[in-house]
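**Student:** The structure that follows is given in the form of structure tokens.
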Amino acid sequence: MKKAVFLFITLVILGSLCVGSTLAFTTEDLARASALEEILKRGELRVGLEAGYQPFEMQDEKGNIVGFDVDMAYELGKAIFGKGGEKRVKIVNTAWEGIIPALMTRKFDIIMSGMTVLQSRNLKVNFCQPYYYIGQCLLINRKDKDKIKSYKDLNKEGMIVTSKLGVTGAFTAEKLMPKATLRLFKTEAEGALQVANGIADGFIYDEPQVRVFAAKYKKTTMGLFQPLTYEPLAWAIRKGDPDFLNFLNNFLAQVRGDGRWEKLKQKWFVDYIQELARKQ
């Protein structure tokens, strides 16, 4: 009986050691497979975005891609590589409809492109902690300011509402304004122009972008900034990478705490929009 008990205890201990070794190996293997390790070995951080979502990312007059997310990507490069790390950041301009597939096929390491956290997207990618919160808002023509006070005034037959294909603005329009005719465009600029030119009655999109268009076309348009939705924006990475996710969350906490985030917010969401309005 004692021999049987001793044998049982021995087997339990050996089993525990084997399981512990397996777990240790699995953890190390997972760390080696992290995108963070790949980035360090490559010596370059590849960032996917679509350069058309002002003021998060866009092209300036010289054709350079600039914006809030771009500056945050450069800060992330410094955090990974140290001094001069912003020079090791490669921006990969990608069409929105293909941005998640491009991440999955390793065209870049991370999506930093004002992406709304949706559960449908979360099935395909992992999101870090949100870095910005927005809501869908409306852009209308100034001539309609007395008859269009909210989205309810657009939810009528004969009304034309525009947005961009495949974004939450389009989903919100379908949900809140089903009676209106919805026209979707490849770019948000095309949808906004429909309102500026008096062709459409309303354009629905993310609040920061609506503020940009309201400033850019201030003579013919105005924004209704009561948010219609609650949307956290976050950076997306491939699933199964806890090391990179941990690094990003800690990086975000750091830039929020040391003032860099607020400085960039002032630069792009206040100063940039005010400058746009002054130029009109």
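The values are calculated or read from the model by the stated rules, or taken from the named source; none is laboratory data. Keep in mind the model is a prediction, meaning the values are calculated, not measured. Cβ coordinates were reconstructed from backbone atoms using ideal geometry, including for glycine residues, and neighbour counts include every protein chain displayed.
**Student:** Considering every residue within the range 118-131, establish whether at least one is in the same structural domain as Ala51 (by TED's automatic domain parsing), at pLDDT below 95 and in a loop (DSSP other than H, G, I, E, B).
**Tutor:** yes
**Student:** Which residues, taken from the range 257-280, are surrounded by 12 or more Cβ atoms within 10 Å (Cβ to Cβ) and either in contact (Cβ under 8 Å) with a residue 60 or more places away in the chain or on the phi > 0 side of the Ramachandran plot (or both)?
**Tutor:** Arg260, Trp261, Leu264, Lys265, Lys267, Trp268, Phe269, Tyr272, Ile273, Leu276, Ala277 - these are the residues of the range 257-280 that are surrounded by 12 or more Cβ atoms within 10 Å (Cβ to Cβ) and either in contact (Cβ under 8 Å) with a residue 60 or more places away in the chain or on the phi > 0 side of the Ramachandran plot (or both).
**Student:** Only one of (1) crowded, with 20+ Cβ neighbours inside 10 Å; (2) not in a helix (DSSP H, G or I) is not met by Leu103, so which one is it?
**Tutor:** That leaves (2) as the condition not met.
**Student:** In addition: Out of (1) in contact with a Ser or Thr (Cβ under 9 Å, 6 or more places away or on another chain); (2) buried (at least 24 other Cβ atoms within 10 Å of the Cβ); (3) over 15 Å from Phe251 (Cα atoms), the odd one out for Gly52 is which?
**Tutor:** (2)
**Student:** May I ask you to list the residues in the range 187-229 that are under 11 Å from Thr162 (Cα atoms) and modelled with pLDDT under 95?
**Tutor:** Passing the criteria: Thr187, Glu188, Ala189.
**Student:** Somewhere in the range 21-39, is a residue over 38 Å from the mean Cα position of the chain (by Cα), in a helix (DSSP H, G or I), more than 18 Å from Tyr131 (Cβ to Cβ) and at pLDDT below 90?
**Tutor:** The answer is yes, given that some residue of the range 21-39 is over 38 Å from the mean Cα position of the chain (by Cα), in a helix (DSSP H, G or I), more than 18 Å from Tyr131 (Cβ to Cβ) and at pLDDT below 90.
**Student:** Right, something else. For the range 163-201: of the residues being closer than 24 Å to Tyr272 by Cα and small (Gly, Ala, Ser), which is farthest from the chain's Cα centre (by Cα)?
**Tutor:** Checking each candidate, the answer is Ala196.
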